[in-house]
Amino acid sequence: HPRYHRCMNTTAPPIRAVIADDERLMREQLRARLAEVWPELQIVAEARNGLEAVELVNQHRPELVFLDIRMPGLTGVDAARQIAQMDVGDDEHLPEIVFITAYDQYAVEAFEQGVCDYVLKPAEPERLRLTVARLRQRLARRAEQGAAGTADALQSGAELARTGSARA
């Protein structure tokens, strides 16, 4: 079997997401509407509360998390704080977070947490298309930064090999 470097893969891996909402019908509706506006998105897990959301994000390491704000045990805002504190590897990123909620009074706090978007329920397809566009833009920017960082590291490594010393 020939060995391939993972950078040689021409198709990008699918974007993975976790959905968290304490209401089953809301999770199902969001899943269906996301399938409509972003068919290639993979929903890898669904959480019923904030604590479960944090555990599932830690387990699956998705690129995206859709969080309800009012959930039992741990609110979506608190779950987002915990997710933001997670350790990530050199080639990993913390997931982008979108709050999906029936309450607009949390918007300022949500954006202070650095979330990508804040969508009021019910999440209409037209509104989700805007969210998807924002997410794709953020993920593309992230990929470009990652590629630039890899190129810099390779250049530094080549320079080190050539000169035998590290750059100051």
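Pairs meeting the criteria (first residue in the stretch 130-159 and more than 12 Å from Glu96 (Cα to Cα), second residue at pLDDT below 90, beta carbons under 6 Å, at least 6 apart or on different chains) are lacking.
Considering each residue of the stretch 136-150 in turn, none proves to be at pLDDT 90 or above and part of a loop (DSSP other than H, G, I, E, B). Tell me whether the stretch 32-41 contains one or more residues that are among the acidic types (Asp, Glu) and under 19 Å from Met86 (Cα atoms). No, the stretch 32-41 contains no residue that is among the acidic types (Asp, Glu) and under 19 Å from Met86 (Cα atoms).
The values are calculated or read from the model by the stated rules, or taken from the named source; none is laboratory data. All of these numbers come straight from a predicted model, not from anything done at the bench. For neighbour counting, all protein chains shown are included, and Cβ atoms are generated from backbone atoms with ideal geometry for every residue, glycine included.
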